[in-house]
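Before any comments, here is the structure.
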Amino acid sequence: MFKPLPLFIGLRYTRAKRRNHFISFISFSSMLGIALGVTALITVLSVMNGFEKELRVRMLGMSAHVVVNSYATESMENWQDLIETVKKYPEVIGVAPYIQAQGMITHGRNVYGTMLQGIDPHFEPQVSHVKEKIIVGSLENLRSGEFGVIIGSELSQALGVRIGDKITLVVPQATVTPVGILPRIKRMTVQGIFTIGMHEYDSAYVLLNIDDAAKLVHVPDGQVHGLNLKLNDMFNAPQLARQLQNELPPGYRTFDWTYRHANFFKAVKMEKSVMFIILTLIVAVAAFNIVSTLVMVVTDKQADIAILRTLGATPIMVMSIFMIQGTFIGVLGTLLGVMGGLSLALNIQTVVPALEYLFNVQFLSPDVYYISEVPSDLRWLDVYKITGMSLLISFLATIYPAWRASSTQPAEALRYE
């Protein structure tokens, strides 16, 4: 079987029982360090991806993938025709009109600022998950003319209200009365309570029928503020928004979820990049151990190197021997790390509860955190990047010691043998 001489000798050195056990210990610690670093990288990035995915799902459960509205006027006319235009795109699987405004809710002495969202109970389930998130009441209870509302669980607790209670809604649109200009005030009935799992929505959002919202904020009959669109693939939203912008009549504008939540996802991306760099240092430290191992091996094998040189081995061949030996340590450590990382990332939802039970602790208390379970989203692109980075660092760590070995002079090495 064909086996190049540098590969044969390099692999032979890795299997040989060394006289210096300290070198063997350094080699093992280098391999273990690389394995731990790769395992930590894969696991941590998978957990961060899981949290990002969970937050994105919850955020987009109340937010559309693409929004179409008018910048020429505050409200949109002939929005029914616009729905037919939008539905021609195969990527669009749901469209719903909305009216949005800010306001205040009072109950007793409690006053809280809110975001009013006028929705059509028939269309809204096509673009959001709010129907599945209602824990008390029903979306169908938002009937036109009855002025009912569905509020978030945190807001209901803060106000101290339950389903069927009356609350007072104050909107900034003014009403002219004989005593002057006053804000519009309307008594509303709590018809439901929802829980999204995000403070932004559970503590501030108020849902009401779109016809009632139009009357409260003085939107002309038959008009809405905009349309919410849901796509079969949320990552196609930027491209579809650009296509719609080019084809819609003048006066309309579109923007997607990546624009509306740009700061949040940029922050998450930056955190992932910083975490990747920090954890890469673990692999880099382990790679320095490879340097130490090879330097000691080169010193220990001075006589062997000299004999190989006198037998005709070239400096490149000698250099290749020790590069193969060091790279083998890095490859083995990387493979062990990949297997450990995949095992943890794919079973994190089993491992974490087991650790909580074993040590009688709770890492993410539901009383404090909205996400009480540790999610994981393994992405193979991350695994490929981490594997490639680890192998590259391991390879680079072998260059200097191998070059030192290739520079050995046979006469000097054998002088004291």
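Since every read-out is calculated from the coordinates, none of them should be taken as a lab result. Just so it is clear, the structure is predicted and the values come from calculations on it, not from any experiment. When we count neighbours, we look across all protein chains shown, and the Cβ atoms used for this are built from the backbone with ideal geometry, even at glycine.
Below is a table of values for the structure above.
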| read-out | value |
| --- | --- |
| Share, in percent, of DSSP beta bridges within the chain that are antiparallel, nearest 5 | 80 percent |
| Tail beyond 28 Å, pair distance distribution of the range 64-258 (Cα, percent) | 28 percent |
| Surrounding net charge for M48, when Lys and Arg each add one and Asp and Glu each subtract one, Cβ distance under 9 Å | -2 |
| Computed over the range 64-258: relative contact order in percent, which uses C-alpha pairs under 8 Å that are six or more apart | 37 percent |
| Most positive-pole-ward Cα, M62, L7, A101, against dipole of the chain from beta carbon charges | L7 |
| Percentage relative contact order, the range 94-172, counting C-alpha pairs under 8 Å, at least six apart | 39 percent |
| Cα-based convex hull, the chain, per residue volume (Å³, whole number) | 223 Å³ |
| Cα-projected label distance for Q239 with L392, points at 7 Å along beta-carbon direction, nm | 2.8 nm |
| Mean Cα-pair separation over length for the chain, i.e. relative contact order, pairs under 8 Å, 6 or more apart, % | 28 percent |
| Those lysines that a straight Cα-Cα span of less than 30 Å connects to K131, excepting residues fewer than 8 apart in one chain | K53, K87, K88, K166, K186, K215, K230, K266 |
